[in-house]
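Notes follow the structure.
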Amino acid sequence: MTGNLFGLDEVQRQLREQREQIEQMRAALKEQTRLINELRERMESAEQKQENRGAAPALITEAAYANNSPAAAARQEGTQLDARLASVTEQSKKTSEALAKQLGSMTFGGDLRFRYESLSNQQNGLATSGDTTGALGNPLTSRQRFRLRARFGVRGEIGKEVEWGLRLATGSFSDVNSTNQTLTDFFSRKPFALDQAYVVYKPSALPGLRVQAGKFEAPWARTEMTWDSDVNVEGFSESYTRSFKHPFVKEIAFVAWQAPFLERNAAFVLRADGTVNLDESGRAGRDLALYGAQLRARLAPSKHTSLTLSAADLYFSGTQFINPAQFLGANVQFPVTVNIPAAGTTPARTVTAQVSVPRDLLVAGNANLGFSTATTNAINRDGRLASGYNLFDLVARLDVARSKRWPLMLLLNFVENTQTHDVVTAGPGGSDILLHNGEGQGYWAEFQVGRDGTLC
């Protein structure tokens with residue numbers, strides 16, 4: 001940035017002074033207008049009286065509008081005030097244009113939210129049975145908590161082709177699914193971190209094209225069955241939207257995205273005897289990313305009806321190499337990798353180990369650890385996820401707006417994981433046993449009557 005950026009405070013001060021001058025002039029102009037209207041009413045009243053007495057109205061008019069009359073003086077002062085107001089407005093416009101050339105136009109926004117939550121019917125993860133306190137399946141004490149969300153953002157434009165945005169939000173760093181912050185931890189300061197930061201390029205030579213990079217809201221149409229609305233992706237997205245004047249087909253859009261979500265250091269993984277395990281080295285060094293594309297169409301079956309259809313494919317690359325937490329007895333084991341950098345002629349190495357954490361610590365409500373005992377992902381006998389993730393996602397949304405006050409919305413969502421695999425477990429004598437996995441499909445429906453904020 002140049003020194004012009006650090007003079008922003010001075011420019012803003014000048015703009016504030018100009019706004020104050022404009023407001024003062026507007027108030028003076030309003031007072032002058034009131035005085036002129038009052039004098040005009042007096043003249044009209046005097047004319048009416050003279051007409052009733054048979055006097056010539058022309059003489060009254062000439063006397064009222066003479067150069068030395070109060071009305072003429074007020075009219076002249078008002079003209080001068082208009083000129084001064086126009087001069088200040090023009091100067092303010094020039095200052096704003098100079099600031100926009102340096103930084104681009106900017107808009108600020110934010111919100112605060114405070115809410116109460118009650119969590120009941122929580123289950124303990126201890127692998128015990130019976131009526132023992134804290135046993136598996138026994139409900140834990142319900143949680144009562146207050147939560148706060150604070151967000152602050154700024155958006156701007158640089159010319160006509162570039163947009164940018166920046167947003168900060170509260171929330172635990174380890175929980176990407178929520179920007180809420182629980183009121184706890186002995187009045188500690190609450191985390192406030194980067195929630196969005198992106199740049200958008202919209203070339204004027206190709207209207208409808210939009211290229212985005214950074215950390216931003218998921219760009220495809222979706223429901224919370226497949227993607228939480230609070231999770232912002234990181235990476236790149238490209239979209240092209242074409243509008244039509246056709247009576248039935250209104251818009252067609254194509255969206256693609258590339259979102260890396262785990263970067264790993266490439267290194268050798270050693271066996272117990274110190275030799276290099278090439279297979280595990282390849283697994284440990286592979287980066288993970290989400291790739292996807294969506295085709296979306298907006299149709300108009302009738303004047304008051306809109307139908308939006310979308311088909312998407314979301315491919316999570318490398319998820320089969322994830323080692324999730326495992327439940328073993330009274331502990332939860334997490335895979336830990338230690339990277340040893342290269343030194344001299346010795347190449348970089350990676351040493352893997354398992355760290356055990358007592359389950360009681362996890363179910364005690366300490367969210368700052370970032371761990372969770374809840375899992376719905378099937379795991380093979382080697383501790384890895386049994387299935388990959390390639391989601392074929394279909395969404396249909398129908399909007400009926402016959403009534404402006406009570407519009408109707410119906411949404412249906414179907415998703416299928418084409419990478420669903422059977423689960424491999426240990427059988428007699430160490431043999432593999434396949435357990436059928438029928439959890440590869442999902443269904444979702446939404447129904448709304450009225451606009452947001454309207455009681456239904």
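Rule-based calculations on the coordinates, nothing more; no lab input. Only a predicted model underlies this, so the values are computations on that prediction, with no experimental measurement involved. Note that each Cβ is placed from the backbone with ideal geometry, even for glycine, and that neighbours are counted across all protein chains shown.
Packing-wise, with mean Cβ within 10 Å as the measure, how do 294-300, 181-187 rank, highest first? Let's see the in-between values first.
Working: 294-300: 16.7, 181-187: 12.9.
Top to bottom by mean Cβ count within 10 Å: 294-300, 181-187.
So if I restrict to the alpha-carbon atoms in region 179-259, what is the Rg, and what is Dmax, the biggest pairwise distance, in Å?
17.8, 61
Per-residue counts of other Cβ atoms within 10 Å, averaged by peptide: what ranking do you get for 168-179, 419-430, 301-312, highest first?
168-179, 301-312, 419-430
Which distance in nm do the two modelled labels at F152 and K30 give, with both placed 7 Å along the Cα-to-Cβ direction?
Result: 3.2 nm between the two label points.
Taking a threshold of 20 Å on the Cα-Cα distance, which of the pairs K30/K93; K245/K303; K303/K404 fall above it?
Result: K30/K93 exceed 20 Å.
Roughly speaking, what is the stretch gain from A193 to Q448, that is 0.36 nm per residue apart minus the C-alpha to C-alpha distance, in nm to one decimal?
The A193-Q448 span can extend by a further 88.4 nm.
Sequence neighbours fewer than 8 away in the same chain don't count; with that in mind, list the lysines whose C-alpha is under 17 Å from K160.
K101, K202
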